[in-house]
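S.K.: Handing you this structure, nothing more for now.
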Amino acid sequence: MTAGSPIGVFDSGIGGLTVFRSIAEQMPGYDYLYLGDNGRAPYGNRSFKTIHQYTWECVQWMFKQGCPLVILACNTASAKALRTIQQQDMPGLHTDKRVLGVIRPTAEVIGNYTKTKQIGVLGTQGTVQSGSYLLEIEHFFSDLKVYQQACPLWVPLIENGEYNKPGADYYVQLYLDQLMQQSPDIDTILLACTHYPLLQEKIKAHLPANVNVVAQGDIVATSLVDYLQRHPEMEHRLSKQGNRQFYTTIDDTPDFDRHASLFFADNVKSEFVNVREVC
C-alpha cells in the first residue's frame, strides 16, 4: 500500500493531525503515514484492555505498511497502551521497530512553563484516570503540583465539527471552572489531548491573561528531532521523498477529509482501511 519507510503517526481520530502538522513542519523532507481510527473513536472512555487492543491492531497495520517508527499522537493510547506494547507485545517480534508516545516528551519540559509551580492538565477521562501525567511529571519535576480535569465532551464536540460554535463555550467554561476551582494559583494549563488545540482560542478567552495554555505539537516534534539525532540507526532507515499518506478506519472518507483539513491546515485526501483484516 505504501512505498519506502515512512514515519507512522497514529491517533484515535483526527486530533493527532495537530501533532503531525508540527512534525511535518520541523521535518518536511520525510515520508509520513497517518492513521486515524475514527471507526472506533473516541477512545477516552474505553477500558485499558480495549484501548490496548485497538492501538496494537493499528500499530501492527502500520508496521506492515513499512513504518519502522510509529508515534502514538494520542494521549489516551499513550497512557493506556504504550507501555504494554513496548514491554509485552514488541519484544521478540518487532525488535527492529519502535513505538513512541506523547506523554513523556511533554512531561520532560512542562515544568519550564510555570512560575507558581502549579499546573493544570486537561485530558480525556482515560488519560486522567491513568495517572500517567502525574507519574511522568513527578519524575522530571518533583516540586510541581499537578491538578487534573477530565473533559469528556470536548472530543465529541471537535469530531462533530461543533468546536467553533457558540454552544461549545458552555462546555469550555464548565471544565475550566472545575479545574481552576482546584487551585487559583495554576498558571500553566497543558492540553493533554491532541484534539484540544482547536479549542485553544476559546480556552484562552475563558482564562486570566497570566495563564499559559500549552499544546503538545511543537513539543513532540522537537523531541522527535532530538530522538532521531540520538538514534542515527533509525534515522537512516526512514525514507525521505516528502510523501504524506492519510488513512482512516471510517468508510466515510470525505467526512474525514473535511474535518482533518481543519487540523492539518492543508487538503487531506484519505483512504479507508480495515485494520482488523490486515491483523
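Readers should treat all values here as calculations from the given coordinates under stated rules, not as data from a laboratory. Keep in mind that what you see is a predicted model, and the values were worked out from it rather than measured. Every residue, glycine as well, gets a Cβ built from its backbone with ideal geometry; the counts of neighbours run over all protein chains shown.
S.K.: Quick one: what are the phi-derived ³J(HN,Hα) couplings along region 146-154, Karplus 6.51/-1.76/1.60 with θ = phi - 60°, whole Hz, x for glycine and proline?
M.R.: Each residue of region 146-154 in turn: 10, 10, 10, 9, 7, 10, x, 9, 5 Hz.
S.K.: Please report the Cα spread of region 205-246 along all three principal axes, rounded to whole Å, starting with the longest.
M.R.: Computed over region 205-246, the largest-to-smallest principal extents equal 46, 27, 11 Å.
S.K.: Given axes a ≥ b ≥ c from the Cα gyration tensor, I'd like to know whether region 225-279 is rounded (a/c under 1.5), prolate (a/b larger than b/c) or oblate.
M.R.: oblate
S.K.: Which three extents, in angstrom, do the Cα atoms of region 1-84 have along their principal axes, listed largest first?
M.R.: So the three principal-axis extents are 37, 24, 24 Å.
S.K.: Among the lysines, select those whose C-alpha is under 21 Å from the C-alpha of Lys80, and discard any that sit fewer than 8 residues away in the same chain.
M.R.: The reachable lysines, counting only those whose Cα sits under 21 Å from Lys80, are Lys49, Lys97.
S.K.: Taking only the Cα atoms of the chain, how large is their convex hull per residue, in Å³?
M.R.: Per-residue hull volume (Cα only) is 119 Å³.
S.K.: Take the Cα pairs of region 26-150, get the Kirkwood Rh, then feed it into Stokes-Einstein at 4 °C and 1.567 mPa s and tell me D in µm²/s.
M.R.: Diffusion coefficient, whole number: 83 µm²/s.
S.K.: Helix-derived [θ] at 222 nm for the chain: sum -39500 (n - 2.57) over DSSP H runs of at least 4, divide by residue count, nearest 500?
M.R.: Value at 222 nm, helices only, nearest 500: -11500 deg cm²/dmol.
S.K.: Hey, what do the phi angles of region 80-89 turn into as Karplus ³J(HN,Hα) couplings, whole Hz, using 6.51/-1.76/1.60 and θ = phi - 60°, x for Gly and Pro?
M.R.: Result, rounded to whole Hz: 10, 10, 4, 4, 5, 4, 5, 9, 10, 7.
S.K.: Additional query: Across the chain, where is the longest run that never hits trypsin sites (Lys or Arg not before Pro) in a DSSP loop with at most 16 other C-beta atoms within 10 Å?
M.R.: Here the longest segment lacking exposed loop sites spans 118-236.
S.K.: Given H placed 1.01 Å from N in the peptide plane, which residues other than close sequence neighbours of Val9 have an amide H under 5 Å from its amide H?
M.R.: For Val9, whose amide H was placed from the backbone, the distant partners under 5 Å are Leu33, Tyr34, Leu35, Ile71.
S.K.: Counting Lys and Arg as +1 and Asp and Glu as -1, what is the net charge of the other residues whose Cβ lies under 13 Å from the Cβ of Lys97?
M.R.: 0
S.K.: Equivalent-ellipsoid semi-axes (√(5λ), Cα gyration tensor) for region 111-256, whole Å, largest first?
M.R.: Ellipsoid half-lengths, sorted descending, are 29, 24, 13 Å.
S.K.: Okay, next question. Could you tell me the largest-minus-smallest coordinate of the C-alpha atoms of region 94-196 on each of the three principal axes, in descending order and whole angstroms?
M.R.: Answer, in whole Å and largest first: 45, 39, 21 Å.
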